[in-house]
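None of the figures in this text is laboratory data; all of them are computed from the coordinates on show. These numbers were taken from a predicted model, which means no experiment stands behind them. Glycine also receives a Cβ, built like all others from the backbone with ideal geometry; neighbour counts cover every protein chain displayed.
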Amino acid sequence: MTWMIYLLLGFFVSLFLMSISFIFEWIERKTVARAQSRIGPLLAGPKGIFQGFADFIKLMIKRPVIPVGVDKLLLFVLPVLGVTLATFAMMFIPFFSEKPILMYTSDLVYIMGISAALSVFIAFTGYISPGPYSNIGAARYAELFISYEVPFVLSLAIPAMIVRSLEIDNILLFQKTSLWILILAPLGFVVLFVSMISKIERIPFDAAEAETEIAGGWQVELSGRYLAFYKLLTNLKMLLVVFLCVALYLGGGYLPGIDTAAIPGLYFLVFIGKAIILVVLIALTEAIMARWRIDNILNYFWRIVTPLVFIQIILLAGFVALGII
Amino acid sequence: MLVSYVYILGLVLLGAFLFYLILFILGKGGKEKRVYPFASGEFYRPIRIPYRVHFIYYVALFAAFETFAVMVMLAFIARIMVPLAIYLSLVFLALLMAPKVITK
């Protein structure tokens, strides 16, 4: 019966993370709305907190309209596999307690791989629909992907270089006993934050969707449960990158001078609190900026962001060689 | 031990997959309707655009750097600092020069 317990674990953790992702979506939407002098979600639940759930359920019970010539198998496989992998990757991050739900050697490398795969899934989704806007959206997403992915992966690698371990668990343990990686590698954090916004396709890096130009880009042909699952995938992707950032740069659920792990539930609350702060920052960036052109995004990432992360790595190499770290 | 742990990972992954699969199947909102792709009111045959990739140099750079990220991490862990620093400096210079080459 042990196998049943593990199956149920996967089942309930998925349900839990899905719920958290909807609440984070609400926080993001509410923050953007308040920053733009709007009210935002209001009706579903107190202060509209269940708006994400309501949208999801509404889309799930809608009749799907799919384009002629679409690859039906991939249309079904990609969203289900995408949300599963995003959830699975989050189980390696210790967000609930000091120890993650799952552990494995070099788990950071697997998370990097899964996060890249999720982006490839989205580019594929645009390409399998035979419409002009979805194809253009897919091409734009692919261009976006090759711009942000390198600085994103390198900025995730920086904590591993400092701690000299590829396990997230060890990186967190280092931050518990020493300084947060944010203080040791501030440039890495800045790069991760910028790449994160691009990875989850928020303004100013949402050229692949761009409602006013290409009517939603890669997701224009999606509807019903397909669209519901892609919205969920976007939410889970946001949760994944925010959790990664908190775990790798912001000390996870630890606070300086307080043993948060000793008080039940405090570690989780601190972790979620830090994640919420990051989501609010992303939402504020989204609210105050305008969309960039795709070629500007490419230039920005390859000419400014990627060299920045290299400068950080060279500095770190110097510190390590001198024995400072 | 390792095999048994991989088995556990597989079971948890399967549990998550089953959860989303059930959810996806439950969400069937009537018979699917087939329409021509959206093209702002114009008639558009359902074909995929054979677009040219103008940013092929970026793709090549991307592939190199993506693999490189893991190499850098491993070099730090193994404390191979000096060759790494030289290599990083070269990559950094190449990166600054690459866009100029592309625009020609």
Sorted by Cβ neighbour density within 10 Å, fewest at the top, the residues A:I324, A:I304, A:I297, A:I27: A:I324, A:I304, A:I27, A:I297
Nonlocal amide H pairs with A:L255, under 5 Å, H built at 1.01 Å: A:T260
Shape of segment A:55-121, Cα gyration tensor, a/c cut at 1.5: oblate
Close Lys-Lys pairs in chain A, where close means Cα under 20 Å and separation is 8 or more or interchain: 17
Neighbour-count ranking [beta-carbon atoms within 10 angstrom, fewest first] of A:M103, A:M90, A:M60: A:M103, A:M60, A:M90
Tilt relative to chain A, helix A:72-90 - C-alpha long axis, 0 to 90 degrees, to 10: 20
³J(HN,Hα) computed for each position of segment B:8-15 - Karplus, 6.51 cos²θ - 1.76 cosθ + 1.60, integer Hz, glycine/proline x: 5, 4, x, 5, 5, 4, 5, x
Footprinting exposure proxy for A:I200, A:I158 (fewest neighbouring C-beta atoms within 10 Å first): A:I200, A:I158
Local net charge near A:D55, Cβ-Cβ under 12 Å (Lys/Arg +1, Asp/Glu -1): +3
Helix A:186-199 axis, angle to chain A major axis (alpha carbon atoms, nearest 10°): 10
Exercise: per-residue mean of other protein chain Cβ atoms within 10 Å, A:126-136: 5
Mean separation of Cα contacts under 8 Å, 6 or more apart, over the residue count of segment A:1-122: relative contact order %: 17
Percent RCO, i.e. relative contact order, over chain A, from Cα pairs under 8 Å lying at least 6 residues apart: 26
Rounded to 10°, Cα long-axis angle of helix A:266-288 versus longest principal axis of chain A: 50
For A:F301, net neighbour charge (Lys/Arg +1, Asp/Glu -1) across residues whose Cβ lies under 12 Å away: -1
